[in-house]
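Notes follow the structure.
The values are calculated or read from the model by the stated rules, or taken from the named source; none is laboratory data. It should be emphasised that the depicted structure is a prediction, and the values quoted were computed from it without experimental measurement. Cβ: placed from backbone, ideal geometry, glycine included. Neighbour counts: every protein chain shown. For accessibility, only protein heavy atoms count, side chains too; no ligands or nucleic acids. Shrake-Rupley method; radii C 1.70, N 1.55, O 1.52, S 1.80 Å.
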Amino acid sequence: MTVQDLPIDTRAAQLREALGDRIVLTGDAEYDTARLAWNLAVDQRPFAVARPESAEDVVAVVRAATAAGLRLAPQSTGHAAVALSASDLSDVVIVNLTRLRGVTVDPTAQTARVLGGSQWIDVVAASAPHGLTALHGSAGDVSVVGYSLSGGLSFYARAHGLAVGSVREVQLVTADGALVRASADEHSDLFWAVRGGAGAFGIVVSVEIGLLPYADVVAGMLLWDVSHAAVVTHAWAQWTATAPESVTTSLRILHLPPLPELPPFLSGRSLVVIDGAILETDAAASALLEPLRALAPEVDTFARVPAAALIEVHMDPPAPTPAASSHAVLSGLPADAVDAFVAGAATPGLFVAELRHIGGAAARPAADGGAVSAIAGEYVVQGVAIVPAPETASAADAAVHAAVAALEPWHADAVALTFIDSTDTDAAPAYGAGLELLRQLKAEHDPVGVFVSARPV
Ligand SMILES: Cc1cc2nc3c(=O)[nH]c(=O)nc-3n(C[C@H](O)[C@H](O)[C@H](O)COP(=O)(O)OP(=O)(O)OC[C@H]3O[C@@H](n4cnc5c(N)ncnc54)[C@H](O)[C@@H]3O)c2cc1C
């Protein structure tokens, strides 16, 4: 008899014996809360959920699960749970890393050691007292590992590149249950692969990342009624075409539902919002913003703020949310593309249509980078819809795909890995010519496919 033939009860008993109350099995009272992902639209039903509290626990989880013939899926928050849901989880232990959080900053080296389940809010809070910050994204509750090892697009990206470029060292538990340190000079093949391959290569228990020397930055948002969407989006497209690399911004058309928690001037309105960061002096930032301010925004919060405040600027949902999204990388944003974006943003059921300006350092592959070090394009377009009930999921999916398809003539042969949050997006273009090597390394380090990840290689 092979481990695959073991009865389910035997496998469950083996996990329980190895992990005690750090494993939650299907029959347990806690199962339905333990399996919840950040994206509440995903009904993930794994064989079990493990909740390790240390690197040693992660080793124990991997050894016990593989001995029982089970596979493993690392999950820090479940922001990318839709992408993971493409895999059958009935023989998978989700390794929920929320109990493995902590950050130690070395202010002299300007680095941080970050435990595997830590979120950006943890890093920003620990770095700010030292006048430092990090290449975090727009949401503080996204995990450092899940974001950085899939690229990671921040409002510093055009100046400083993708967050994956700041990763100096990764400690992970590999398919054979070993705790391995991967860096430029130790297990360098694995270090290359995990920087892009993320959870397909192991369960990361800590990373060391480089920090940015910013105590404060010019950041904020400009907001108009949606009736100005065409004028503002055309102006932003022209503005971004010549904006220096010190400027990284996004433009969104938002359809806000009538919600009591929103201020009355926002509740139930459709808006166009530009936000981001400008790494310049106050005077240079003001000069850069002038053409956008000339369009008389209703709200203008751009100002010098503590760098930690940048994580609030995009106003991402503060709590787990049921959502669907789709994206594409664009090679440019000429006037016809702007018209298509504005038309697509009016798709019924859409919550947000977003354009992120990339290019600059975000588009330049790094010589010493990993499997992913850049995104080959100039903009990312993304559609997001809320999924209030399971029966609305297919309409939400259709809306987000329609918003992205509206810009099809300008789609580049590229994807932003972190923005893959659907079951039908091919991740291959993110790796380009490196895909073959990545697959070889996957076969070498995880020959039987123990690890299941949101963006399989
Ligand atoms: C509201 C919102 C805002 C966002 N903003 C941005 C943004 O500004 N920029 C951007 O680039 N992306 C953004 N994203 C996308 C986000 O960065 C990705 O979905 C990212 O992969 C989420 O990582 P996570 O660990 O939090 O999610 P999870 O779903 O927990 O993990 C995603 C994948 O990462 C891997 N992983 C996570 N933790 C580990 C670990 N410890 N060890 C090994 N593998 C691991 C696994 O393969 C897992 O399947 C946003 C997403 C949302 C929903």
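Quick notes
- Candidates GLY377, GLY449, GLY370 - the one that is part of a loop (DSSP other than H, G, I, E, B) and surrounded by fewer than 20 Cβ atoms within 10 Å (Cβ to Cβ): GLY449
- Some residue of the stretch 302-310 being in a helix (DSSP H, G or I), under 17 Å from the mean Cα position of the chain (by Cα) and within 29 Å of ASP122 (Cβ to Cβ): yes
- On inspection, LEU89 does not qualify as touching a Lys or Arg at 6+ places or on another chain (Cβ under 7 Å), under 22 Å from GLY360 (Cα atoms) and not in a helix (DSSP H, G or I).
- The residues of the stretch 125-144 that are within 13 Å of the ligand (Cβ to nearest atom) and aliphatic (A, V, I, L, M), listed by number, are ALA134, LEU135, ALA139, VAL142, VAL144.
- Some residue of the stretch 281-299 being surrounded by 15 or more Cβ atoms within 10 Å (Cβ to Cβ), within 16 Å of the ligand (Cβ to nearest atom) and touching a residue at least 12 places away in the same chain (Cβ under 8 Å): no
- Summed over the stretch 258-280, residues that are open to solvent by 20 Å² or more (accessible area, probe 1.4 Å) and touching a strand residue (DSSP E or B) at 6+ places or on another chain (Cβ under 8 Å) total 4.
- Of residues in the stretch 171-205 being farther than 22 Å from ALA67 by Cα and within 9 Å of the ligand (Cβ to nearest atom), the one most open to solvent (accessible area, probe 1.4 Å): ALA198
- Test: residue in the stretch 390-410 that is in contact with a Leu (Cβ under 6 Å, 6 or more places away or on another chain), open to solvent by 30 Å² or more (accessible area, probe 1.4 Å) and away from the ligand (no atom under 14 Å from the Cβ): yes
- Test: residue in the stretch 131-142 that is free of Cβ contacts under 8 Å to residues at least 40 places away in the same chain and not aromatic (Phe, Trp, Tyr): no
- Residue ID - farthest from the ligand (Cβ to nearest atom), chosen from residues in the stretch 97-124 that are outside any strand (DSSP E or B) and among the polar types (S, T, N, Q): THR108
- Pairs where the first residue, in the stretch 419-436, is under 25 Å from ALA367 (Cβ atoms) and of a type outside the set (A, V, I, L, M) and the second is open to solvent by less than 50 Å² (accessible area, probe 1.4 Å) and in a helix (DSSP H, G or I), C-beta under 7 Å, 6+ apart: TYR431/GLY196; TYR431/LEU438
- Filter result for LEU435 (open to solvent by less than 60 Å² (accessible area, probe 1.4 Å), more than 13 Å from the ligand (Cβ to nearest atom), within 30 Å of ASP176 (Cα to Cα) and at pLDDT 95 or above): yes
- Scanning the stretch 240-255 for residues that are surrounded by fewer than 19 Cβ atoms within 10 Å (Cβ to Cβ) and either assigned to a helix (DSSP H, G or I) or touching a His at 6+ places or on another chain (Cβ under 7 Å) (or both) yields ALA241, THR242.
- Checked against (1) β-branched (Val, Ile, Thr); (2) more than 15 Å from the ligand (Cβ to nearest atom); (3) assigned to a strand (DSSP E or B), ILE94 passes all but a single condition, namely (2).
- SER154 being open to solvent by less than 30 Å² (accessible area, probe 1.4 Å), within 8 Å of the ligand (Cβ to nearest atom), more than 22 Å from ALA55 (Cα to Cα) and of a type in the set (S, T, N, Q): yes
- Looking across SER326, SER331, one residue alone is within 15 Å of the ligand (Cβ to nearest atom) and either open to solvent by 10 Å² or more (accessible area, probe 1.4 Å) or touching a His at 6+ places or on another chain (Cβ under 7 Å) (or both). It is SER326.
- Subset tally (residues that are within 10 Å of the ligand (Cβ to nearest atom), in contact with a Leu (Cβ under 8 Å, 6 or more places away or on another chain) and not hydroxyl-bearing (Ser, Thr, Tyr)) for the stretch 300-322: 1
- Matching residues in the stretch 133-192 - criterion: being in a strand (DSSP E or B), over 23 Å from ASP275 (Cα atoms) and not β-branched (Val, Ile, Thr): ARG168, GLU169, GLN171, LEU172, LEU179, ARG181, ALA182, SER183, GLU186
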